[in-house]
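Presented below is the structure to which this report refers.
The values are calculated or read from the model by the stated rules, or taken from the named source; none is laboratory data. Keep in mind it's a predicted model, so treat the numbers as computed, not measured. So basically every Cβ, Gly included, is an ideal-geometry build from the backbone, and we count neighbours across all protein chains shown. The protein model used for the area step is the full one, side chains on, heavy atoms only, and it has no ligands, DNA or RNA in it. Shrake-Rupley method; radii C 1.70, N 1.55, O 1.52, S 1.80 Å.
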Amino acid sequence: PQLAVTPTMPEYDQAATSEAASTEMTAVQVNDAGNVLGAEPTKTEKPAPASESALKVDGLVMMGGFNSCTLVALFIMMIVALACPSPFFNDFSSKVVHKLNKIIDGVDTVAERSFEYSDAGSAIGFSPDACDTNADDTSDCNYCAAAKPDDDGTWGNYDCSEAVNEIEQAGANVTKGYKGTINNTDTPPILTAYYQAGLCPVNVHWHLGAEHLSMGEFDEDGSGPCDDYAEEKDDDKLYRRKLGSSCDRRKLGGSSEELGFQCHHYTESDTKFTTEYDWEHCVDMKVGQTYEIHWPHSTVGACGTPYQYQTPFYDGVFCGIANSAATTFVTDNGAAAVAQNVGVQSQVFTIVNDESYYYPDLIKGMIVAGEKGSDVAIYTGSTTGTSRNNDDSCSAYSPITWQVDRKCHLISASSFDKMCADMKAQADDMTDDLYAHGSRTVVDKNMASFMWDTSTGKPYTYY
C-alpha cells in the first residue's frame, strides 16, 4: 500500500506534462534471402554451431566483462563523490535517502498506523474504541473510528468574543480584494496543491447553498428553486440570503437545513434547471439549487487504505493521531503545524439536469479544468457547520487551510448521484453525508484572516 495523492488540485500547482517524442521509421522490403530489394544480393555462409564448452567460456567472459564494467562504474562514482564539493554531494545524497524513507514510511503507514506529519512523527496502534486488537483478524477493522477528539475541553466550541482579531474562522468572504483583519503570517496556509504537501482527501460532504461569499458569483442576490429542504436564516447578519416569499418552506420529516448563498445561474424558463432528476443515492437534493462541496484533507489520514474516506470527517482528519494525541500534537508543534497538515478544498455548484455537465469523479476533489479551479482564494480558517453561529459558538478547529474556488459552476445531477454512489461503496459508513448540511453564517471581518497570493508566497499587498 502507498500513500494516496489527490488527482484533482488547483491548476496553478500542477506540473506541466511533456509530449513523447516520435521517431520516423523508413519501411524497406526484403526478399526471402534477407536482402534489401534493389540492393546487390550477398552470399553468407551459415556459421557452424558453437560447442557446449565454447558457450560456457563465452558466458564466463561476458560475466567477467559485466562485473568489470560494474566495478569501473562504481569506482568512477566514488571518484566523483570525493571530487564534488561535499555540500552538493551531501545535499543530493540526503534527498535520495529522504525519498527512499518516504517510500518505506508509506508502506509502514498501513501496517503499523505510523503517520508522518510536519517535522514530528507518531506511531500508535489501533484505537481501542475502533478495534479488538487481540482479534486474530483485524483486516476489517476501521482503524480511524473514534479518532475525532472529544468535544469538551480543548476541542469544544467557545464564545466567539475570544476569536475576535485572534482566532480565524470560516467560511469567509472570498471576494477578491476583501480584507480580513487577522494577521496569519505566523500560521500561513498551504500554498501548493495539497498532494504536494502530503495531504489526501479523507471525506466529502456539501452544504445547502454556499457558506463562503463571492460577490457576483454566490451571494445574497443569487436565486434558486423553491426547496422544501431549505430553511430561512433567522439572524440579522450581513450578506444573508434573501428568500422569496412565494416558496413554501415546510420541513420534510420535521427537519430542514439552513440555506446559504446562491449562485446566479438559475433560470426558471430553462428546463435544465427545473426538470426533476430521479435520485438513486443522494438524499433530499434539488435540481437548480446551489451547493458548496467540501473535501477535507489531512497528512495523517489513512491515505491509500480502504478507510481513507471517513464520516464524520474528523475521524479521517485525525486518524493517525487519534483523540488525545491530537491535543498533544497541537501543544508540541503549535498552531502553524495544524494549518500545514489539515486543509479543505471548496467548490460551489448549481445542479442541472443536463448530461453535458457530467463529471465522473467528484468524490476525489476540486475539479480543475477550464474556469473550474482557476481562481482560488487561499486563507486560514476553521471548520464550519451550523453548530457554530459566529456569536456564542465558534470552532476550536483552527487554523486550517482553505482553498476556495471563487466561481460558481454548473454540474449535472448525475455527477452528484455518482459521487453518492461512490460514497456508499467506501469501507466506512458515509450515510450521514449523503445529504446537504446547513450553512454557517459568513464570518465577520474581525474573525477572517488574510488572503494569500501564491505568486509571492505572502498575503496580498493590500494588507
Point to revise | Count - residues of region 254-293 that are assigned to a loop (DSSP other than H, G, I, E, B), more than 20 Å from Cys420 (Cβ to Cβ) and modelled with pLDDT of 95 or more | key: 8
Practice item. Go through (1) within 26 Å of Val283 (Cβ to Cβ); (2) out of contact with any Ser or Thr (no Cβ under 6 Å at 6 or more places or on another chain); (3) in a loop (DSSP other than H, G, I, E, B); (4) open to solvent by less than 30 Å² (accessible area, probe 1.4 Å) one by one and return the number of the condition Ala396 breaks. Key: (1)
Study note, to complete from the structure: Restricted to region 381-393 and to residues being within 19 Å of the chain's Cα centre (by Cα) and of a type outside the set (Gly, Ala, Ser), the residue surrounded by the most Cβ atoms within 10 Å (Cβ to Cβ) is Thr384
Revision key, fill the gap. For region 361-390 the number of residues that are among the small types (Gly, Ala, Ser) and touching a Lys or Arg at 6+ places or on another chain (Cβ under 7 Å) is 2
Review point. Hey, any hits in region 224-233 for a residue that's of a type outside the set (Lys, Arg), farther than 30 Å from Thr305 by Cα and at pLDDT below 75?
Key: yes
Review point. Considering only residues of region 255-302 that are of a type in the set (A, V, I, L, M) and touching a helix residue (DSSP H, G or I) at 6+ places or on another chain (Cβ under 6 Å), which is nearest to Ala339 (Cα to Cα)?
Key: Val300
Check your understanding: Within region 241-253, is even one residue out of contact with any helix residue (DSSP H, G or I) (no Cβ under 7 Å at 6 or more places or on another chain) and modelled with pLDDT of 90 or more?
Key -> no
Practice item. Inspect region 146-156 for any residue being open to solvent by 10 Å² or more (accessible area, probe 1.4 Å) and under 20 Å from the mean Cα position of the chain (by Cα) and give the result as yes or no. Key: yes
Study note, to complete from the structure: Looking across region 401-427 at residues that are aliphatic (A, V, I, L, M) and within 19 Å of Gln308 (Cα to Cα), the single one that is surrounded by the fewest Cβ atoms within 10 Å (Cβ to Cβ) is Ala425
Point to revise | Where a residue in region 402-418 is at positive phi and touching a residue at least 40 places away in the same chain (Cβ under 8 Å) and its partner, wherever it lies, is hydrophobic (A, V, I, L, M, F, W, C) and in a strand (DSSP E or B), with Cβ under 7 Å and at least six apart | key: none
Exercise for review: Only residues in region 354-380 that are on the phi > 0 side of the Ramachandran plot and touching a residue at least 12 places away in the same chain (Cβ under 8 Å) count as the first member; pair them with residues that are β-branched (Val, Ile, Thr) and part of a loop (DSSP other than H, G, I, E, B), Cβ under 7 angstrom, at least 6 apart or cross-chain, and list the lot.
Suggested key: Gly365/Thr6; Gly365/Thr8; Gly373/Ile367
Practice item. Hey, can you tell me all the residues within region 281-321 that are open to solvent by less than 10 Å² (accessible area, probe 1.4 Å) and on the phi > 0 side of the Ramachandran plot? Key: Gly288
